[in-house]
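Report on the following structure.
Computed from the coordinates by the stated procedures, all read-outs in this text should not be read as laboratory data. Only a predicted model underlies this, so the values are computations on that prediction, with no experimental measurement involved. Every residue, glycine among them, receives a Cβ derived from its backbone with ideal geometry; neighbour counts consider all protein chains shown.
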Amino acid sequence: MRSYCAVYVDVGYLLASAATRVTGSSLRSGIEVDYPGLIAGLVAQVEADSGLPLLRVNWYDSGARSGGQPDYHQDQIGLLPRIKLRLGRLSYAGEQKGVDVRLGLDMALQGRARVADVVYLVSGDDDLTEAVEEAQSAGVQVVLLSVPGLSGHGHAVSKHLRRAADGEQPIDPEIIDRCVRSRAIPEGLIPVEPAEHAEHTEHTESTEPSESIPSTGVPASEHVVAPVGDSPDASSEGGTSTPTPSQPSAPGPEPKPAAAQPAAASSPAVPTPSAPPTPAVFGRKRATEVVLPAAQTAPTWSTTTGDRPVVDADGVFNPELIDAVAKTVLDSWCRTATPDDLVALRAAKPAIPGDLDRALLLDLSGRAGVYDIDDTSRHEVRERFWFHVARVRLA
């Protein structure tokens, strides 16, 4: 009988870990994925490693539509050759149901039937440890395929799962970097503003800090334009212009009519009718309409507190890490959010949408290297999330 290899993909783990590598947050909505390219890369890697032909790729995800039905992307994945689409469902709270159970049962039952001699598992879930051991008892070799973090080590893989598997290999980083992209437009692709707007931007930068948001690399002055709702730092964000040679600080005679004034003294914020922005400029603009300002006025924690561990001996998480996770998750959400999304998010307080809440806890666990998060730290990361939500502005 011919020997085969097979791949079992926990899509939730794959995309969350890939998003963390690319954007710094596990939020799936912050990335775009070339699924055919990603799957082809995985197939090429396992066939080269095992020296066996692929039987099939088993693709486990939750149905994105009601009733566990596939969305457009999942439909297209199911039509690819040698792909078996296995869908669970989403609960009313937005949690995946039935995905891990399907994967574990399939691996155990197909392992007993010896449909493949070598199985590659793309997951880090501790709950799959027993399914791995069951397949191994039938003589199947089980190898973990983990998503490499920026450090090169597998991201968010349970210690028990590592111990049970026959080995672990990182997915080729080039596959991830080529097929998974951030939804944020790179700064180098943002078009240069018209001259009138550029002068206005310089005027704004003179009254606001020029620090950047780490996860996007976009200057804060380019984001913070107008407040949305009540923001704790609203009074500090919108300063007034300082006197310049063309704007005397002392009272003087009445200004001349606009037509007689020098061009430099005219209002730079209003574009002239003769040079309106072209449609191409708007077409290449950043898709995000809400952004998280970089400046903070509320008390926060210093980043120069020495070598303080991310989790101390009592299991208490470093507050700096908690704040950084909350801000990174919200910043990733802002890249695809609209003002209506922001209104809905604030109206739902204190309930955090399921995908955002999972990203907060998953990112905190992954960055701290701790599988279980205590209740106090869960409350703290959610509290910091709402603090940053209050600071989100229109762009």
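Report the net charge of residues surrounding Leu85, where surrounding means a beta-carbon distance below 15 angstrom and charges are Lys +1, Arg +1, Asp -1, Glu -1.
Local charge sum for Leu85: +2.
Loop only per DSSP, at most 15 neighbouring Cβ atoms within 10 Å: give me the chymotrypsin sites (Phe, Trp or Tyr not before Pro) in segment 311-392, ordered by residue number. Intermediate results must be reported in sequence, preceding the final value.
Values: sites: Phe317, Trp333, Tyr371, Phe385, Trp386, Phe387; in loops: Tyr371.
Qualifying residues, ordered by number: Tyr371.
How about segment 345-395: which trypsin sites (Lys or Arg not before Pro) there lie in a loop by DSSP and see at most 11 other Cβ atoms within 10 Å?
For trypsin sites (Lys or Arg not before Pro) across segment 345-395 that sit outside H, G, I, E and B with at most 11 neighbouring Cβ atoms in 10 Å, the list is empty.
So what's the gap between the Cα centers of segment 124-169 and segment 26-91, to the nearest angstrom?
Cα centroid of segment 124-169 versus Cα centroid of segment 26-91: 19 Å apart.
Identify the chymotrypsin sites (Phe, Trp or Tyr not before Pro) of segment 38-100 meeting these criteria: DSSP loop state and at most 10 other C-beta atoms within 10 Å of the C-beta.
Passing both the DSSP loop test and the Cβ count: Tyr92.
Run the simple label-point estimate for His153 and Glu130 please: 7 Å along Cα→C-beta, distance reported in nm.
2.9 nm
For segment 5-182, what is one quarter of the convex hull surface built on the Cα atoms, given in nm²? If you can, show how the numbers build up before the last one.
Details: hull surface 37.7 nm².
About 9.4 nm², averaged over all directions.
Among Thr23, Thr336, which comes first, then next, by fewest other beta-carbon atoms within 10 Å?
Thr336, Thr23
When Lys and Arg each count +1 and Asp and Glu each count -1, what net charge do the other residues less than 13 Å away from Leu55, Cβ to Cβ, add up to?
+2
What FRET efficiency comes out for the pair Arg102/Leu79, r = Cβ-Cβ distance, R0 = 25 Å, nearest 0.05?
0.80
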